[in-house]
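Remarks on the structure that follows.
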Amino acid sequence: FDERISGFAEQKFRRDGIEVQTGSRVISVSDKEITMKLKAKGEICSVPHGLVVWSTGVETRPFVKDFMGQIGQANRRVLATDEWLRVKGCEDVYALGDCATITQRKVMEDIAAIFKAADKDNSGFLTIEEFKDVIDDILERYPQVEHYLKSKHLRDVTDLMKDSEGNDIDEVDIEGFKLALCQADSQVKNLPATAQVAAQQGAYLSKCFNRKYKWKDNPEGPRRFRGSGRHQFHPFQYVLLVVSYARGEQAAAELPGDWVSMGRSTQWLWYSVYASKQVSWRTRVLVVSDWTRRFIFGRDSSRI
């Protein structure tokens with residue numbers, strides 16, 4: 001999530017009397033206390049408890065583990081795929097959902113090839129216009145660049161083309177180009193293991209399979225900076241649809257254009273999106289009716 005959303009959630013929990021501890025690794029749980037290791041200091045501490053609710057991920061399925069051992073990925077927790085969801089080390093094998101993770105290529109690995117492709121007149125310098133010519137392909141092939149722009153609250157990639165004093169420049173050499181993008185790879189993050197990601201990946205793969213032969217002759221993906229032509233498919237891009245629900249009829253949402261909406265009004269956005277993503281009209285009606293009953297009569301705690 002955007003740091004503004006994380007901050008909103010932490011403040012909301014703090015007002016509700018909930019203490020959030022980050023950077024703490026649980027080592028053991030006994031009948032009376034939880035033992036944790038603080039990553040920042042390396043210290044071991046214990047916290048007494050009356051009730052422990054543990055929420056964590058699930059273990060890799062034996063079938064996937066066996067397959068990972070056969071293809072040389074036995075030392076990994078999940079399957080490694082490229083940006084097209086193709087399992088690395090295999091031909092025509094794809095993986096999606098929480099059994100796999102996308103290994104995003106670093107922009108610095110291809111920085112020289114990108115500069116060469118953009119520098120059409122081979123002058124050794126890149127003008128703003130030449131940079132703009134490859135911006136769309138860079139953003140699609142290396143989504144961490146866009147995440148980096150958002151983290152710095154920059155509206156355009158060309159905002160990176162500035163000198164040390166923050167002034168606009170007309171052209172940049174290879175070293176200046178590297179300096180402008182060297183921090184982008186720090187924004188590479190694994191996608192969350194949620195149904196929202198898996199659903200988007202499934203829709204993406206079905207589209208690729210249905211149009212595979214058409215795209216073989218007419219590739220539509222971003223240009224190949226290492227080599228000629230374009231990639232056959234567009235790489236998978238996850239779209240965060242919504243929202244962080246922070247209880248108490250309040251929510252926070254990251255909206256297009258680097259906007260963040262927080263508060264009670266955003267809660268209604270959460271309701272509408274959540275209901276629209278149900279698999280059938282039957283479940284939509286059940287969910288909305290449950291919300292209506294809770295709003296009128298309060299939450300039923302008799303089964304807790």
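The values are calculated or read from the model by the stated rules, or taken from the named source; none is laboratory data. Not measured: the values here are computed from a predicted model. Cβ coordinates were reconstructed from backbone atoms using ideal geometry, including for glycine residues, and neighbour counts include every protein chain displayed. When the accessible area is computed, the model is the full protein with side chains, heavy atoms only, and any ligands, DNA or RNA have been set aside. Shrake-Rupley method; radii C 1.70, N 1.55, O 1.52, S 1.80 Å.
Taking 0.36 nm per residue of separation and subtracting the Cα-Cα distance, what length does fully extending Arg77 through Val64 add?
Once the chain is fully extended between Arg77 and Val64, it gains 3.7 nm.
Projecting each Cα onto the charge dipole of the chain (Lys/Arg +1, Asp/Glu -1 at the beta carbon, about the Cα centre), which of Trp259, His147, Cys99 comes out farthest on the positive side?
Ranked along the dipole, the leading option is Cys99.
Can you order the peptides 41-48, 29-36 by their average number of other Cβ atoms within 10 Å per residue, highest first?
Values: 41-48: 10.2, 29-36: 12.9.
Those peptides, ordered most packed to least, come out 29-36, 41-48.
Can you give me the long-range amide H partners of Ile34? Hydrogens built in the peptide plane at 1.01 Å from N, cutoff under 5 Å, separation of 5 or more residues or another chain.
Long-range HN contacts for Ile34: Val47, His49.
Compute the whole-percent fraction of alpha carbon pairs in the stretch 185-226 spaced more than 17 Å apart.
Numbers: 484 of 861 pairs.
Considering the stretch 185-226, 56 percent of its Cα-Cα pairs are separated by more than 17 Å.
At 0.36 nm per residue, and after removing the present C-alpha to C-alpha distance, how many nm does the segment from Lys277 to Glu109 gain when stretched out fully?
Separation in residues times 0.36 nm, less the Cα-Cα distance, equals 56.7 nm.
Between Glu10 and Asp156, what's the calculated FRET efficiency when r is the beta-carbon distance and R0 is 35 Å? Round to 0.05.
Efficiency, from the Cβ-Cβ distance: 0.70.
Which value, in Å² rounded to 10, gives the accessible area of Val58 with a 1.4 Å probe and all protein chains present?
Its heavy atoms expose roughly 130 Å² to the probe.
Dipole of the chain (Lys/Arg Cβ +1, Asp/Glu Cβ -1, origin at the Cα centre): which of Leu191, Tyr274, Ala203 lies farthest to the positive side?
Sorting the options by dipole projection puts first Tyr274.
If you plug each phi of the stretch 81-91 into the Karplus form 6.51 cos²θ - 1.76 cosθ + 1.60 with θ = phi - 60°, what whole-Hz ³J(HN,Hα) values come out, in order, with x for Gly and Pro?
10, 8, 6, 9, 6, 8, 5, 5, x, 10, 10
Can you compute the charge dipole magnitude of the stretch 1-123 about its Cα centre, using +1 on each Lys and Arg Cβ and -1 on each Asp and Glu Cβ, nothing else charged? Give it in debye, rounded to the nearest 20.
Here the size comes out at about 320 debye.
Might you work out the accessible area of Phe233 for me, using a 1.4 Å probe with all protein chains in place, and round it to the nearest 10 Å²?
We get 20 Å² for Phe233.
Please check which bits of the stretch 257-292 a label hung off Ala199 would reach, taking the label as a point 7 Å along Cα-to-C-beta and the cut-off as backbone N under 12 Å.
273-281, 284
Express the Stokes-Einstein translational diffusion coefficient of the stretch 107-186 in µm² s⁻¹, to the nearest whole number, given a Kirkwood radius over alpha-carbon pairs, 25 °C and a viscosity of 0.890 mPa s.
194
Spelling out what I want: for every residue of the stretch 287-294, take phi, set θ = phi - 60°, compute 6.51 cos²θ - 1.76 cosθ + 1.60 (Karplus), and round to whole Hz; glycine and proline get x.
Karplus values, whole Hz, x for Gly and Pro: 5, 5, 5, 5, 4, 5, 4, 5.
Ile102: accessible area at probe 1.4 Å, nearest 10 Å²?
30
Calculate the length of the line joining the C-alpha centroid of the stretch 23-61 to that of the stretch 249-292, in whole Å.
Their Cα centres are 32 Å away from one another.
Stretched out fully, how many nm does the piece from Asn218 to Thr101 gain, at 0.36 nm a residue minus the Cα gap?
In short, 39.3 nm is gained.
Does a label point 7 Å from the Cα of Ile44, set along Cα-to-beta-carbon, have any residues of the stretch 7-28 with amide nitrogen under 11 Å, and which are they?
It comes to 27-28, nothing else.
Alpha carbon centre of the stretch 133-192 versus the stretch 101-126: separation in Å?
Between the Cα centre of the stretch 133-192 and that of the stretch 101-126, the gap is 12 Å.
To the nearest 20 debye, what is the magnitude of the charge dipole of the chain about its Cα centre, counting +1 on the Cβ of each Lys and Arg and -1 on the Cβ of each Asp and Glu? Don't jump to the answer; show the numbers that get you there.
Working: 45 positive and 43 negative charges, 371 e Å.
Around 1780 debye, computed over the chain.
Divide by every residue of the chain the summed helix terms, -39500 (n - 2.57) for each DSSP H run of at least 4, and state the resulting mean residue ellipticity at 222 nm, rounded to the nearest 500 deg cm²/dmol.
-11000 deg cm²/dmol
Give the long-range amide H neighbours of Tyr94: residues separated by 5 or more places, or on another chain, with amide H under 5 Å away, using H modelled in the peptide plane at 1.01 Å from N.
So Tyr94 has HN proximity to Val87.
Relative to 2.2 N^0.38 Å, what does the C-alpha radius of gyration of the chain come to as a ratio? Two decimals please.
Normalised Rg, Cα atoms only: 1.23.
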